Ligand code: LLP
């Protein structure tokens, strides 16, 4: 099921979206639970069934209902902040299911994570290692750690979401990793179990992952010869989705993922393996449903102004990302126009200079592939409240899983 057209009408898990819109104020996010369930099944076959642990990178979408689904579907979770630890625990994950990445962990983040008995920190610098050592010692604990290496591998993705190159801020340079591993006594309260790497996001083929697996195997082999025996390898996330086809099924990703899972197991069979996918689980599980406020022509240029904006989906402004535009009733001709939001920024757009469905004032339209890095990157800019999030659940009920923020809630933290 997930998203599909039936007789030119867009459906979510068997429910007509124009029907959903009748009782819900726009804009809102709409998710398909069926897509998430099937996506988790694809990951299970490609990785979990081969003994590879899958931790959902919750930054992609941190709605607690969705996190709870991931938990029930047998996934663990990867976090990058104290706030993400809080929501993960709230969603029912236990400490032993949580790994903690991120370039700038604070003292209170580290303390909170140690108190919560998380499975491991993925450490990004020697200063972080020293911080963890100091805090773990003061708490009379030993912290489990993987070192996030910077392997200088090109993920061939958008420069803003590439993380495995020397010029990126992420990970520890290899010579420094070597020094740390050869001097474990400097960190008596730390148990360095293995290596972690995340080379980037929206990677559409298996090649960069194969290169990473080869790199890990060679480096671990070198360490072994030097008498250093590690046990854990985390290959990060980064698996891409098809933004040109928001009606993509989760099963379309099976082949590439199987290939990566198979190669990882074959080359790194002696290690406990982990991956941390985010986008692939939720990217094409969600749409933004928005209303056309009106149409205007600035000399030759045609604009449709809609009620959602960069506050709900910042990806087009930040990465020039392509998001498809889907009419709820697909009976339209096409027209060249920009779809823009109401926010006071020229970068507030969903599509530019593209052939899109011809629309009318008051009509509803869906912005495709809005399940990942959309709601979780949303803001209150222009004092726009966070919008509602809806899901069609496994019983095919339409459920509000986050209600729209009120003006009062949006302003309650101000002190006058
Ligand atoms: N693990 C680590 C350590 C990460 O930093 C990330 C994403 C992931 C896993 C999950 O990556 P995924 O499987 O979702 O590609 N806002 C950007 C994407 C930023 C990704 C940040 N790190 C976007 O909208 O494209």
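The values are calculated or read from the model by the stated rules, or taken from the named source; none is laboratory data. In this text the structure is predicted, and so the values were computed from the model without any measurement. Virtual Cβ from ideal backbone geometry, glycine too; neighbours counted across all protein chains shown.
Being closer than 25 Å to residue 388 by Cα, in contact with a strand residue (DSSP E or B) (Cβ under 7 Å, 6 or more places away or on another chain) and within 15 Å of the ligand (Cβ to nearest atom) is the requirement here; does residue 318 meet it?
Numbers: closer than 25 Å to residue 388 by Cα: yes; in contact with a strand residue (DSSP E or B) (Cβ under 7 Å, 6 or more places away or on another chain): no; within 15 Å of the ligand (Cβ to nearest atom): yes.
Here the answer is no, as residue 318 does not meet what is asked.
Take region 96-118 and flag every residue that is at pLDDT below 95 and either on the phi > 0 side of the Ramachandran plot or assigned by TED's automatic domain parsing to the domain that holds residue 402 (or both). Don't jump to the end; show me each part of the working.
Within region 96-118, the subset at pLDDT below 95 is 102-104.
The answer is 102, and nothing else.
Quick one: in region 131-163, which of the residues that are closer than 27 Å to residue 229 by Cβ and within 16 Å of the ligand (Cβ to nearest atom) is modelled with the lowest pLDDT?
Ranking the candidates gives 153 first.
For every residue, the table says whether it meets (1) in the same structural domain as residue 271 (by TED's automatic domain parsing); (2) touching a strand residue (DSSP E or B) at 6+ places or on another chain (Cβ under 9 Å); (3) modelled with pLDDT under 95.
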| position | (1), (2), (3) |
| --- | --- |
| 180 | yes, yes, no |
| 192 | yes, yes, no |
| 199 | yes, yes, yes |
| 205 | yes, no, yes |
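Of everything in region 71-97, what is within 26 Å of residue 171 (Cβ to Cβ) and away from the ligand (no atom under 13 Å from the Cβ)? Give them in sequence order.
Filtering region 71-97 down to residues within 26 Å of residue 171 (Cβ to Cβ) leaves 75-88, 93, 95-97.
Of everything in region 71-97, those that are within 26 Å of residue 171 (Cβ to Cβ) and away from the ligand (no atom under 13 Å from the Cβ) turn out to be 82, 83, 85, 86, 87, 88, 93, 95, 96, 97.
Checking the condition away from the ligand (no atom under 15 Å from the Cβ) and part of a helix (DSSP H, G or I), which residue from 230, 281, 223, 287 passes?
Details: 230 fails: part of a helix (DSSP H, G or I); 281 fails: away from the ligand (no atom under 15 Å from the Cβ); 287 fails: part of a helix (DSSP H, G or I).
Residue meeting the stated conditions: 223.
Could you give me the residue pairs with C-beta distances under 9 Å whose first residue belongs to region 238-251 and is in contact (Cβ under 8 Å) with a residue 40 or more places away in the chain, whose second residue is within 10 Å of the ligand (Cβ to nearest atom) and part of a strand (DSSP E or B) wherever it lies, and which are 6+ apart or on separate chains?
Hits for this filter: 238/200; 238/203; 239/203; 239/275; 240/203.
Tell me which of these residue 263 doesn't satisfy, since it passes every other one: (1) in contact with a strand residue (DSSP E or B) (Cβ under 9 Å, 6 or more places away or on another chain); (2) at negative phi; (3) outside any loop (DSSP other than H, G, I, E, B).
That leaves (1) as the condition not met.
Quick check on region 206-215: of everything there that is within 15 Å of the ligand (Cβ to nearest atom) and out of contact with any helix residue (DSSP H, G or I) (no Cβ under 7 Å at 6 or more places or on another chain), which residue is farthest from residue 255 (Cα to Cα)? First the steps, then the outcome.
Initially, region 206-215 is screened for residues within 15 Å of the ligand (Cβ to nearest atom), giving 206, 208-209, 212.
Checking the rest, the ones that are also out of contact with any helix residue (DSSP H, G or I) (no Cβ under 7 Å at 6 or more places or on another chain) come to 208, 212.
On the way: 208: 16, 212: 19 Å.
The residue in question is 212.
Restricting to region 220-239, name every residue that is out of contact with any helix residue (DSSP H, G or I) (no Cβ under 7 Å at 6 or more places or on another chain) and either outside the structural domain of residue 206 (by TED's automatic domain parsing) or within 27 Å of residue 77 (Cβ to Cβ) (or both). Please lay out each step first, then the result.
So the first thing to find is which residues in region 220-239 are out of contact with any helix residue (DSSP H, G or I) (no Cβ under 7 Å at 6 or more places or on another chain), and the list is 220-222, 224-227, 229, 231-232, 234, 236-238.
Passing the criteria: 220, 231, 232, 234, 236, 237, 238.
Would you check if residue 299 is surrounded by fewer than 20 Cβ atoms within 10 Å (Cβ to Cβ), over 17 Å from the mean Cα position of the chain (by Cα) and either outside the structural domain of residue 361 (by TED's automatic domain parsing) or within 16 Å of the ligand (Cβ to nearest atom) (or both)?
Details: surrounded by fewer than 20 Cβ atoms within 10 Å (Cβ to Cβ): yes; over 17 Å from the mean Cα position of the chain (by Cα): yes; either outside the structural domain of residue 361 (by TED's automatic domain parsing) or within 16 Å of the ligand (Cβ to nearest atom) (or both): no.
For residue 299, the condition - surrounded by fewer than 20 Cβ atoms within 10 Å (Cβ to Cβ), over 17 Å from the mean Cα position of the chain (by Cα) and either outside the structural domain of residue 361 (by TED's automatic domain parsing) or within 16 Å of the ligand (Cβ to nearest atom) (or both) - is not met.
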